[in-house]
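A.B. asks: Before we start, here is the structure in question, set down as structure tokens.
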Amino acid sequence: AESYRVSRATVREALRSLRREGLVTAHRGRPSRATAPTVIEQSTQSLFSLFSTVEAAGMSQRSVVRALEVRTDALVAAQLRLQPDAELIYLDRIRFAGDQPLALDSTFLPATHARCLLDADFSQTSLYGLLRTRCGIAVTSGREKVRAAVPDDEVRAALRIGRDVAVLLIERIGFADMTPVEYRQTVLRGDLFTLTNHYPVGES
């Protein structure tokens with residue numbers, strides 16, 4: 001059988017890439033080893049905030065903005081109780097936990113409330129924080145639907161996942177008091193994120 005030699009430089013570069021992805025750890029004097037993925041937990045009993053959840057898990061969070069623009073969307077406008085041609089601020093981000101892409105986040109906000117966000121830097125801050133400080137709007141409650149989904153090729157590429165990893169799809173309408181001010185769809189990696197619930201034991 002033929003044998004092949006791989007240069008040390010090639011091995012070192014491969015290990016560097018795996019470390020950047022968080023797939024292996026290495027310490028001086030110790031062999032590299034596979035890293036068990038950190039699973040981030042979010043309680044279903046509170047309004048879901050990916051920014052706060054990642055920070056609470058002791059991981060750094062950042063976002064890569066793919067779109068921040070004015071759009072119209074009749075279906076989303078109906079969810080926000082607006083006219084079909086109402087202008088909306090559209091924000092599309094890849095959300096990271098450490099070096100790992102964790103979620104795809106697509107958010108629509110009424111332009112009448114959120115036009116002040118068009119020049120905002122979302123790389124390392126929360127949407128709700130900027131809504132509060134820049135626009136004077138506080139999201140006080142929300143309604144969410146969560147379901148499992150099979151990601152397509154575009155989603156798998158963005159989240160760097162294989163065909164054996166499912167995702168969670170969270171659809172949210174956020175309210176400022178009784179007024180809907182946010183429509184959001186978040187696609188979360190099923191191998192890195194879980195929803196938990198705590199409840200008292202009663203009769204069953």
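A.B. asks: Please list 3J(HN,Hα) in residue order for the stretch 132-138, calculated via the Karplus relation 6.51 cos²θ - 1.76 cosθ + 1.60 where θ = phi - 60°; whole Hz, with x for glycine and proline.
C.D. replies: Taking θ as phi minus 60°, the curve returns 6, 7, 8, 10, x, 10, 10 Hz for the stretch 132-138.
A.B. asks: Just round it to a whole percent: the fraction of Cα-Cα distances in the stretch 57-203 exceeding 28 Å.
C.D. replies: Everything past 28 Å amounts to 23 percent.
A.B. asks: Quick one: ranking S63, S141 by accessible area, 1.4 Å probe, largest first, what do you get?
C.D. replies: Most to least solvent-accessible, the answer reads S141, S63.
A.B. asks: On the full set of protein chains, 1.4 Å probe, figure out the accessible area of I94 and give it in Å² to the nearest 10.
C.D. replies: Solvent-accessible area, nearest 10 Å²: 20 Å².
A.B. asks: Could you tell me which residue out of T125, A176, F193 lies farthest along the dipole of the stretch 100-204 toward its positive end? Charges go on the beta carbon: Lys and Arg +1, Asp and Glu -1, centred on the Cα centre.
C.D. replies: Result: A176.
A.B. asks: What does the charge add up to near A74, with Lys and Arg as +1, Asp and Glu as -1, over the other residues with Cβ less than 13 Å from its Cβ?
C.D. replies: Net charge around A74: -1.
A.B. asks: What's the extension gain from R71 to V165 if we count 0.36 nm per residue and subtract their Cα-Cα distance?
C.D. replies: 30.7 nm
The values are calculated or read from the model by the stated rules, or taken from the named source; none is laboratory data. Remember, it's a predicted structure, so these values are computed and weren't measured experimentally. Ideal geometry is used to build each Cβ from the backbone, glycine not excepted, and the neighbour counts take in all protein chains shown. These accessible areas exclude ligands, DNA and RNA; they are computed on the full protein's heavy atoms, side chains included. Shrake-Rupley method; radii C 1.70, N 1.55, O 1.52, S 1.80 Å.
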